[in-house]
Amino acid sequence: MSRGTAKGAPHLADQELVDALDGTLDARRLAHVSTCASCTMQLEEFRTIAGEAGAAGVPEPPAFFWTQLSARVRASVAEEPRPGSWSLSWRRWSRPAAAIAAAVVVAGIVVPVTGLWPRTATNSEPPVAAALQIQDDGDAGEDVFAEIDTDEAWALVRALAEDLDHDEMEGEGVSARPGAVNYLTSELSAAERIELARLLEEQLKGRTIPGPAS
Amino acid sequence: MSADALPLSSRIALPPVAVEARSCGAGFPMTTADDDALVRQCLAGDTSAFDVLVERHRRQVYQVCYRFVNNHEDASDLAQDAFLRAYRALHTFKGNSAFSTWLYRVAINVCLNRVSAKQAPTEPLDQREHPDVRGALPDREVLRQEQAATVRAAIARLPKKQRATMILRMYHELPHDEIAAILGSSVGAVKANFFHALANLKKLLLESTR
């Protein structure tokens, strides 16, 4: 959002206004605010809004709610295996391959190679960028996550993704942003997830991945 | 004043923990163990350590979720889901950030994935406070509660990324770089989102007074 210029110095940009609210705006730009009625007014308006927002607390739930919440969490956790127990068992043998497989998942290399990718948000957007777009504007993946929690084939992909080490991936020449795996999760059908998991397993075992069907 | 309207430094006092005082491996009671030690304990197979983590962080997680959906029922479900997902992913917590920050990341992702932008979250007028004691409150307090409800409703109408940024910045006082890490954005994008959140909030609050 551009707010034009004042005599001699441009008005504060959006991010500078945020810096001014935070008290981190540099002195030179702060000096502009003191001489600019427009910037002063906008800053004061934002301070007022931030103050109103800050004063709006969350209603206190009934007292019994907290113990009820803990009990619900405890009951759901009781049905789960020990955290990390599944991935620990195969991490011992698959660690070197994890970065490669993760790179495959996150970068979506498998998709163009095998022709698995039937749909994307747009033809030009990379999956990660599309994922970020979806998070802002849509409701993709609302119930998919519940479904895949019990999908054993997809557990391999999830475990790989959870084990991602950013530096390790950078070392593999892969740059990825959070949300990429969520995107894959929400976009692939159950059959596609199974196929992707199969391809990953094969890659981890060092087998040759068959080429595209067409 | 609601608990989360206080400065962060005043809000970090832990709620009473009704968990048996057990040893946490290093010879100190589990209830006083730091979060990292509890995570290690849990990963070693003692799930009661996770109970302590839940009791410690449930209020903050619930509040993150409540601000997203602006109603108790959904916030309650989201908070439960956030803890379950945190449990499943506990082995991925490397201690590079505070456990609470990591937990916020999980909670925010649960909210982002579950809350539809098309769904207009509402807080029914008759459930805005628990319990409803407005009849016994001075006028100023009634007014304050109504203003707070209006602001919460307006925040819940913000686009999801703006909402997440606002919640983490305003109510959990996370720095921009941590918010960027949680949301998978750049610091610049976080600041831009915060700017637009404030600008939109201003518009929404103006609309609500008409």
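The values are calculated or read from the model by the stated rules, or taken from the named source; none is laboratory data. Everything quoted here is computed from the prediction, not taken from an experiment. All Cβ positions, glycine included, derive from the backbone under ideal geometry; neighbour counts span all protein chains shown.
Which residues, taken from region B:183-198, are facing chain A (nearest Cβ under 8 Å) and in contact with a helix residue (DSSP H, G or I) (Cβ under 7 Å, 6 or more places away or on another chain)? Within region B:183-198, B:LEU183, B:GLY184, B:GLY188, B:LYS191, B:ALA192, B:PHE194, B:PHE195, B:HIS196, B:LEU198 qualify. Candidates in region B:158-210 are the residues that are more than 16 Å from the chain's Cα centre (by Cα), surrounded by fewer than 18 Cβ atoms within 10 Å (Cβ to Cβ) and outside any helix (DSSP H, G or I); of these, the one that is modelled with the lowest pLDDT is B:ARG210. Inspection of region B:82-93 finds a residue satisfying the criterion of being under 23 Å from B:LEU158 (Cβ atoms), buried (at least 18 other Cβ atoms within 10 Å of the Cβ), more than 7 Å from chain A (Cβ to nearest Cβ) and modelled with pLDDT of 95 or more. Output the residue which, of all residues in region A:26-70 that are in a helix (DSSP H, G or I) and charged (D, E, K, R), is surrounded by the fewest Cβ atoms within 10 Å (Cβ to Cβ). Per the criteria, the residue is A:ARG28.
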